[in-house]
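Visitor: Right, I'll just put the structure down here and ask away after.
The values are calculated or read from the model by the stated rules, or taken from the named source; none is laboratory data. Note that the structure is a prediction, hence the values are computed from the model and not measured. As a convention, Cβ positions derive from the backbone with ideal geometry for all residues, glycine included, and neighbour counts pool all protein chains shown.
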Amino acid sequence: MRIVLMGPPGAGKGTQAVKIAEGLGVPHISTGEIFRANLAAGTPLGVEAKRYMEAGEYVPDEVTNSMVAARVAEPDAAQGFILDGYPRTLAQVGELDSILQGLDTALDKVVEITANTDEVVARLLNRAKEQGRADDTEEVIRRRMDVYAEQTEPLVNVYSERGLLVKVDGMGSMDEVTARLLAALGR
Ligand code: AMP
């Protein structure tokens, strides 16, 4: 199964993506995680991504797209994947289409995890305390929510029109949400 997982920052997307990937036996591909790993390792990609991430802005498409193209083409993703945090812009949707076309395949489903904004900001502030992520200050969190609404929310309509979209309520316990997601994916 080739699945895209969408949802506002703090909707529990990353956590759920890991569980769903385990459940389906496919790799979890998180662009945010790849950026953070590069940042920690001090690679040129990490250096490039850092200033955008710290401001809550999106890393430029050309950087992100080539990274995803390379990752999705790796052997472990041949039978499927959970894409977490990509695509996030309309341009990335087009890029993903051509990446998958080039691999002679296509997406099976796009899942949008929905969440209440106030709850989500509270969750993120809590995560900031626990994990100390540099992009989890209140100001940056608000910016990331705005950027999501402006640039990523419109993708929901695109995938809905293609008949690929399923919406899943992200509120409730972690296990409840996982169960809902697996049900939505027909598992
Ligand atoms: P995430 O862990 O998915 O919340 O991503 C953390 C940060 O990485 C985002 O706020 C962006 O700065 C950057 N990022 C992750 N995925 C993308 C993407 N698809 N396009 C642009 N920037 C991204």
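Visitor: Considering only the stretch 17-111, give the helices (runs of 4 or more DSSP H) lying wholly within it that have at least 1 residues that are aromatic (Phe, Trp, Tyr).
Guide: The helices (runs of 4 or more DSSP H) meeting that bar are 31-41, 44-55.
Visitor: Now for a different question. Scan the stretch 119-128 and give yes if some residue there is touching a Pro at 6+ places or on another chain (Cβ under 7 Å) and over 15 Å from Met1 (Cα atoms), otherwise no.
Guide: yes
Visitor: Against the condition of a type outside the set (A, V, I, L, M), closer than 19 Å to Leu5 by Cβ, under 15 Å from the mean Cα position of the chain (by Cα) and at pLDDT 95 or above, how does Asp76 come out, does it pass?
Guide: Criteria not met by Asp76.
Visitor: Sticking with this one: Suppose the filter is away from the ligand (no atom under 14 Å from the Cβ) and buried (at least 20 other Cβ atoms within 10 Å of the Cβ); does Ile29 pass it?
Guide: no
Visitor: For the stretch 83-100, which positions are closer than 11 Å to Ala69 by Cα and surrounded by fewer than 19 Cβ atoms within 10 Å (Cβ to Cβ)?
Guide: Correct list: Asp97, Ser98, Leu100.
Visitor: From the list Ser66, Ser30, Ser98, which one is touching an Asp or Glu at 6+ places or on another chain (Cβ under 7 Å) and either under 29 Å from Glu138 (Cβ atoms) or without any contact (Cβ under 8 Å) to a residue 60 or more places away in the chain (or both)?
Guide: Ser30 is the lone residue from the list that is touching an Asp or Glu at 6+ places or on another chain (Cβ under 7 Å) and either under 29 Å from Glu138 (Cβ atoms) or without any contact (Cβ under 8 Å) to a residue 60 or more places away in the chain (or both).
Visitor: I'd like the full set of residues that are more than 13 Å from Lys109 (Cβ to Cβ) and in contact with a Lys or Arg (Cβ under 6 Å, 6 or more places away or on another chain), limited to the stretch 142-187.
Guide: Those that are more than 13 Å from Lys109 (Cβ to Cβ) and in contact with a Lys or Arg (Cβ under 6 Å, 6 or more places away or on another chain): Thr152, Thr178.
Visitor: Please go through the stretch 79-92 and pick out each residue that is within 16 Å of the chain's Cα centre (by Cα) and closer than 19 Å to Gly25 by Cβ.
Guide: Gly80, Phe81, Ile82, Leu83, Asp84
Visitor: Would you mind telling me which numbered condition in (1) touching a Ser or Thr at 6+ places or on another chain (Cβ under 6 Å); (2) away from the ligand (no atom under 11 Å from the Cβ); (3) closer than 27 Å to Glu150 by Cα Ile82 fails?
Guide: (1)
Visitor: Now for a different question. How many residues are of a type in the set (Lys, Arg) and either within 12 Å of the ligand (Cβ to nearest atom) or part of a helix (DSSP H, G or I) (or both) when one looks only at the stretch 1-16?
Guide: Count: 1.
Visitor: Are any of the residues in the stretch 112-132 outside any helix (DSSP H, G or I) and acidic (Asp, Glu)?
Guide: Within the stretch 112-132, one or more residues are outside any helix (DSSP H, G or I) and acidic (Asp, Glu).
Visitor: Which one of Gln92, Gln101 is near the ligand (Cβ under 9 Å from one of its atoms), under 29 Å from Leu185 (Cα atoms) and either modelled with pLDDT of 95 or more or of a type in the set (Phe, Trp, Tyr) (or both)?
Guide: The match here is Gln92.
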